[in-house]
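Here, each number is a calculation from the coordinates, and none is a lab measurement. Predicted model only: the values in this text are computed from it and were never measured. Counting neighbours? That spans all protein chains shown, and the Cβs are built from the backbone with ideal geometry, glycine included.
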Amino acid sequence: MNAVAKSNGGTPGSVSGGVALPSRPEDGDAKAQITDTMRRWCLQTLGPQLKAVILTGSLARNEATWQQTDRGLQFLSDAEFIVILTDNAGIPSRELVTLIRKGAEEELRNQGIDCKLSFSTVHEWFLRNLGETIFGYELLTCGEVVYGDPDILPKNARGVAGVSQEDAWRLLANRTVELLEIVPELVDGSAVLSEAAQYRLTKLYCDMATSVLVFKQAFVAGYQARATKLCELSSRGVLSDLPFDGSWFAELVRRCTDYKVSHSWDGASPFAARDSVEQAITVLRSLWAWELAQMHGSTMPSPDDMLRLHMQKQELKDRLRGWAFAVRRRGFVDSLRHGWRWLRLSRLASPRYCVYAAGLNAVSSFKFPVSSTHATGLAQLETRNSKLETVLNWLPIANLAVRTAPDEKDLAEAILWNYREFLVETRA
């Protein structure tokens, strides 16, 4: 079930230096400003309760994507932090966390850096219970301690050995849901995709590669290392069983990685045209089915059928754990309002799998046919109306951001709201 994760020439225990790539001067200066601002806001707000602040994600690995604008640097990727509290400190409220995040973001904008910050406040035991996850592996091997005990990561990294196939598939499912963020742009009918939409597709392909490498037992930390590993596997014919051309996929991932790190395309962008979205969805759906088939040793006609099989295999304790988080999140009184709906859904899957089912059905409902006789060559977004009700029926809460007759934007926003509310802050 588990794929063995391999670090860049070392073992997971040897993480004192982390896995970092050289950065350009602009990257380094902005990174220093971001980490310094976040550190000061945490110190000023949390005071003696603060034990450590850890930078993780692409910015820690010097692989963050940004562009120069007339207002300064605009980061397309988030700056991710883990804030460690002392053992006797209570977890701050969501309001306080929002205050820190927005205050730091505003200060950075005043310095000419537009960067979205995300962070979780946890106790140190969190570092010892990350499980076999991509996030946990890269946090412990690539994270940077910007405040507190510099050895807090190495001493918690003992025993980090792999990434599970379940977590790799969840990464794929998360990116499927997040792809819905570009639906408003598609509905509006722009001829060329925006920079933000192209970045969303870039990140999708990079993370599809990450997921594939876990299933091939070849996972490594960092986008550049993964692109190199994928090309190596392709040259050896190891990707021949993928449901699409492995050589094409490896080359596209290499280009996406170069863009993500160097902030410019080598040649024309592969994601400028709207039909690149249709292609991405085709690849995404086929990879869903392939990965679930690898996990269960059986193949069914569609990714939707494979997902239902995966739901049937989910252990009851994991399903109940997810719904328990939903109750805590919404509060007992508000949860009663959705009681019958949640009871029905709990017999099928956890909230996480339900939202994934809604996301998969939604992206499968959107088509982008390009008529050869259309004078401008613009694609028109079509929705399979027959699937709208199916999508909404999967959501834990379906009456937010959705009118009586929902359109594509309403549907996408409803799924994204449920994703942020019930999935982002938990592994359940």
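Worth a mention:
- Trypsin sites (Lys or Arg not before Pro) restricted to DSSP loop in segment 31-106 with at most 10 other C-beta within 10 Å: Arg71
- If you run the Gaussian network model on the chain, springs between alpha carbon atoms under 10 Å, then out of Asn88, Asn393, Asn129 the most flexible one is Asn88.
- Kirkwood hydrodynamic radius of segment 100-224, Cα pairs, Å: 17.2
- Relative exposure of Cys231, Cys206, Cys256, judged by other C-beta atoms within 10 Å (fewest first): Cys231, Cys206, Cys256
- Two-site label geometry, Gln49 and Asn129: point separation in nm, points 7 Å out along Cα→Cβ: 1.9
- Using a Förster distance of 35 Å, the FRET efficiency for Leu348-Phe244 (Cβ separation, nearest 0.05): 0.70
- HN-Hα J in Hz across segment 231-240 - Karplus 6.51, -1.76, 1.60, θ = phi - 60°, x for Gly and Pro: 5, 5, 5, 5, 5, 8, x, 6, 8, 5
- Label assignment, Rg and Dmax of the Cα atoms in Å derived from the structure, set (i) 21.2, 61; (ii) 21.5, 68; (iii) 27.6, 87: (ii)
- Separation of alpha-carbon centers, segment 330-356 and segment 237-305, rounded to whole Å: 32
- For segment 252-310, fraction of C-alpha pairs farther apart than 16 Å, in %: 57
- One equal scatterer on each Cα of segment 40-187, no solvent, Debye formula: the resulting log10 I(q)/I(0) at q = 0.13 Å⁻¹ is -0.70.
- Positive dipole terminus of the chain, leading residue within Leu348, Ala104, Leu85 (C-beta point charges): Leu348
- In plain terms, the chain from Asn110 to Ala191 could stretch by 25.8 nm, reckoned as 0.36 nm per residue minus the Cα-Cα distance.
- Two-site label geometry, Asn393 and Asn88: point separation in nm, points 7 Å out along Cα→Cβ: 5.4
- Selected from Asn418, Asn361, Asn399 as most flexible by GNM, with the chain as the system and alpha-carbon contacts under 10 Å: Asn399
- Helical runs (DSSP H, four residues minimum) scored at -39500 (n - 2.57) apiece and divided by the length of the chain put the mean residue ellipticity at 222 nm at -16500 deg cm²/dmol.
- Here the Karplus relation 6.51 cos²θ - 1.76 cosθ + 1.60, evaluated at θ = phi - 60°, turns the backbone of segment 275-287 into coupling constants of 5, 5, 5, 4, 4, 4, 5, 4, 5, 4, 4, 5, 6 Hz, with x for every Gly and Pro.
- Among Ile91, Ile134, Ile182: highest mean-square fluctuation, GNM of the chain, C-alpha pairs under 10 Å: Ile91
- The chain, relative contact order [Cα under 8 Å, separation at least 6], %: 16
- Cα lying deepest toward the dipole's positive end in the chain, options Pro396, Gln67, Val424, charges on Cβ: Pro396
- Fewest-first ordering of His123, His338 by other beta carbons within 10 Å of each residue's beta carbon gives His123, His338.
- Volume per residue of the C-alpha convex hull in segment 27-83, rounded to whole Å³: 78
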